[in-house]
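Right, one structure below, let's go through it.
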Ligand SMILES: N[C@@H](CCC(=O)N[C@@H](CS)C(=O)NCC(=O)O)C(=O)O
């Protein structure tokens with residue numbers, strides 16, 4: 001039996017969604033973030049040294065890192081579902097998006113969150129300086145890089161219904177979190193209609209809704 005170590009409002013929500021899409025039985029151990037720092041509680045370090053979520057355990061195995069977890073679940077419990085055939089052009093796109101989600105898109109989303117926080121949470125005396133520095137970083141690097149990345153993602157959804165072709169795959173599950181983060185941290189909702197439509201479509205899926213019921217309230221931090 002798979003146990004998902006699920007941190008509230010986090011990347012592990014997509015692991016629950018994947019398991020629901022596949023109809024695999026699982027248990028959820030839920031963790032709450034520290035209300036001040038938003039960090040995971042120390043108990044998660046007992047499961048994996050980094051203490052991050054998601055982590056799953058399955059028959060004595062511990063698997064961390066969402067891409068590795070999703071690949072593991074698809075390989076061991078998927079029965080060939082949610083993954084394009086090996087050697088197909090769709091499989092290459094699948095692999096690209098499976099890695100790009102955490103390797104390319106999420107670093108931009110995390111940096112955006114951090115710089116938003118710097119602007120709002122710096123002590124008031126130095127807030128104008130903090131805002132000036134943050135504004136400069138956003139203007140020179142963060143916004144252009146984010147815009148280019150969102151444009152690329154949006155264009156890919158113009159080529160096919162889902163990221164790796166006409167069928168939903170686990171790459172879409174992996175990409176769901178960066179797109180949900182972009183929706184609350186950037187102007188994605190107004191500027192990138194295909195990404196918004198992707199979110200509307202996944203949020204309407206019965207498996208996605210069941211995953212929300214299992215995982216509890218889910219709201220991502222924007223500012
Ligand atoms: N690249 C890792 C990132 C893991 C990660 O940073 N998880 C966040 C949740 S969204 C976390 O555990 N944050 C709490 C903390 O760092 O204490 C993955 O995809 O699994």
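Quick rundown of the values:
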quantity: Residue, nearest to residue 23 (Cα to Cα), within segment 66-91, restricted to residues that are more than 16 Å from the ligand (Cβ to nearest atom) and buried (at least 21 other Cβ atoms within 10 Å of the Cβ); calculated: 82
quantity: Filtered residues of segment 5-51 (kept if over 19 Å from residue 68 (Cβ atoms), crowded, with 16+ Cβ neighbours inside 10 Å and within 13 Å of the ligand (Cβ to nearest atom)); calculated: 8, 9, 31, 33
quantity: Residue list for segment 149-190, filter: closer than 17 Å to residue 112 by Cα, more than 14 Å from the chain's Cα centre (by Cα) and at pLDDT below 95; calculated: 186, 187, 188, 189
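Rundown of residues vs (1) within 16 Å of the ligand (Cβ to nearest atom); (2) closer than 29 Å to residue 81 by Cβ, yes/no style:
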| residue | (1), (2) |
| --- | --- |
| 118 | no, no |
| 139 | no, no |
| 149 | no, yes |
| 157 | no, yes |
| 176 | yes, yes |
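The values are calculated or read from the model by the stated rules, or taken from the named source; none is laboratory data. Quick caveat, the model's predicted, so the values are computed rather than measured. Counting neighbours? That spans all protein chains shown, and the Cβs are built from the backbone with ideal geometry, glycine included.
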